[in-house]
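Reviewing the structure listed below.
The values are calculated or read from the model by the stated rules, or taken from the named source; none is laboratory data. Quick caveat, the model's predicted, so the values are computed rather than measured. Quick reminder, even Gly has a Cβ in these numbers, built from the backbone with ideal geometry, and neighbours come from all protein chains shown.
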Amino acid sequence: MADPRFFSAAGPHPLGRLSELSGATLALGADPGRMVADVAPLETAGPTDISFLDNRKYAGAFTTSKAGACVVAADMADRAPDGMMLLIAPDPYRAYALIAQAFYPRPAPDPWIAPTAWIDPSAELGENCRVEPGAVVGAKARIGARCRLGPCSVIEAGVVLGDDCVVGAGASLSHAIVGDRVTIYPGARIGQDGFGFAMGAQGHLKVPQLGRVMIGDDVEIGANTTIDRGAGPDTVIGSGCMIDNLVQIGHNVQLGRGCVIVAQVGISGSTQMGDFVAAGGQAGITGHLKIGSGARIAAQSGVMRDIPAGGTVGGAPAMPMADYLRLSALLAKMGKQKK
């Protein structure tokens with residue numbers, strides 16, 4: 001059970017309802033009227049909980065689990081312990097995510113404006129917003145309905161937030177147009193100057209950064225991540241992108257829909273990514289590249305060339321994954337021979 005000091009479960013829910021919400025199929029013998037009180041890991045779940053098995057690595061925990069119900073793939077159903085009711089799904093983790101959302105939906109903000117918040121008279125604030133102590137909303141900013149601005153967050157002049165957005169404690173936004181249902185975690189910095197200047201022996205000359213940051217709907221931006229505004233063209237974050245903590249996105253970068261950018265990735269200026277690109281932790285991507293839709297970049301890769309759609313690369317400098325694995329095996333073999 002999640003710690004009730006921080007989380008409040010919305011259950012119980014009947015198993016049949018969870019099946020409908022998740023798109024999973026009730027296995028033979030599962031009672032649709034059986035009430036489920038909460039979600040829990042396989043190891044700690046009890047008779048009133050529902051869990052899931054997505055990784056065969058945890059098959060042992062599944063076979064000994066005391067969970068009353070579990071979401072599994074069809075080929076694992078015969079390994080369930082006696083008495084466990086099953087929901088069968090082709091993608092158990094996704095089905096479980098929908099079930100967990102039913103128990104722990106995103107809470108609506110309790111409307112309130114702290115006396116110590118400062119909102120410019122020309123700013124627009126949607127209905128049912130919550131503005132925590134020390135938050136600042138600048139001139140002519142527009143905040144949508146049901147938004148939550150965390151303590152000491154800063155929404156600078158002209159920024160637009162859509163409906164149902166959350167801005168974490170200490171985060172700051174400038175020169176940004178943000179869609180609906182966007183979550184910006186504490187300490188994120190969005191819309192500051194891009195790193196653009198003309199170098200020269202007589203001194204480096206700053207180039208004015210005149211673009212914006214355009215963020216689509218249903219985006220998450222992790223804690224202490226920075227996204228620079230464009231130099232002239234905009235920096236664009238497509239709808240559905242998931243950006244982890246401590247990511248750096250340079251000016252003019254464009255991410256398509258549904259990209260996943262893991263912690264400590266750095267993307268240099270003017271690189272364009274297609275839809276559903278995934279970049280593993282600490283990958284470095286140089287500027288002015290084109291990364292095709294569906295490409296996958298392994299952790300700690302150093303990407304210096306374009307990647308075609310659907311390509312998978314690894315290593316530094318990054319190369320097709322098959323080449324990288326072959327080279328790694330060869331180097332390991334040479335090392336053993338030398339010994």
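The table for this structure:
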| item | result |
| --- | --- |
| Hits in the stretch 1-56 - residues which are of a type in the set (A, V, I, L, M, F, W, C), touching a residue at least 40 places away in the same chain (Cβ under 8 Å) and under 22 Å from Ala73 (Cβ atoms) | Leu15, Leu18, Leu21, Ala24, Leu26, Ala27, Ala30, Val39, Ile50, Phe52 |
| Residue match in the stretch 50-58 (condition: under 25 Å from the mean Cα position of the chain (by Cα), among the acidic types (Asp, Glu) and closer than 29 Å to Cys147 by Cα) | no |
| First in the stretch 281-304 and farther than 19 Å from Ala263 by Cβ and assigned by TED's automatic domain parsing to the domain that holds Gln248, second anywhere and crowded, with 16+ Cβ neighbours inside 10 Å and acidic (Asp, Glu), Cβ under 7 Å, 6 or more apart | Ser293/Asp275 |
| Members of the stretch 36-65 that are in a loop (DSSP other than H, G, I, E, B) and within 16 Å of Ala100 (Cβ to Cβ) | Ala37, Ala40, Pro41, Leu42, Thr44, Ala45, Thr48, Leu53, Asp54 |
| Matching residues in the stretch 1-59 - criterion: being under 15 Å from Asp91 (Cα atoms) and touching a His at 6+ places or on another chain (Cβ under 9 Å) | Leu21 |
| Boolean, Asn224 is touching a Gly at 6+ places or on another chain (Cβ under 8 Å), buried (at least 22 other Cβ atoms within 10 Å of the Cβ) and either modelled with pLDDT of 95 or more or not in a strand (DSSP E or B) (or both) | no |
| Scan of the stretch 255-283 for residues that are surrounded by fewer than 20 Cβ atoms within 10 Å (Cβ to Cβ) and part of a strand (DSSP E or B), ordered by number | Val260, Gly266, Gln272, Ala278 |
| Sole residue being buried (at least 19 other Cβ atoms within 10 Å of the Cβ) and of a type in the set (Asp, Glu), chosen from Asp164, Asp180 | Asp164 |
| Test: residue in the stretch 115-127 that is touching a residue at least 12 places away in the same chain (Cβ under 8 Å), in contact with an Asp or Glu (Cβ under 8 Å, 6 or more places away or on another chain) and more than 30 Å from Phe62 (Cβ to Cβ) | yes |
| Which numbered condition Met242 fails, given (1) in contact with an Asp or Glu (Cβ under 7 Å, 6 or more places away or on another chain); (2) in contact (Cβ under 8 Å) with a residue 40 or more places away in the chain | (2) |
| So Ile99, is it out of contact with any strand residue (DSSP E or B) (no Cβ under 6 Å at 6 or more places or on another chain) and under 17 Å from Pro14 (Cα atoms) | yes |
| Residue in the stretch 152-160 that is assigned to a loop (DSSP other than H, G, I, E, B), among the β-branched types (Val, Ile, Thr) and crowded, with 21+ Cβ neighbours inside 10 Å present | yes |
| Residues of the stretch 80-104 that turn out to be outside any strand (DSSP E or B) and under 21 Å from Arg34 (Cα atoms), as a count | 17 |
| Candidate set from the stretch 227-254 (those that are assigned to a strand (DSSP E or B) and in contact with a Gly (Cβ under 6 Å, 6 or more places away or on another chain)); member that is surrounded by the fewest Cβ atoms within 10 Å (Cβ to Cβ) | Gln248 |
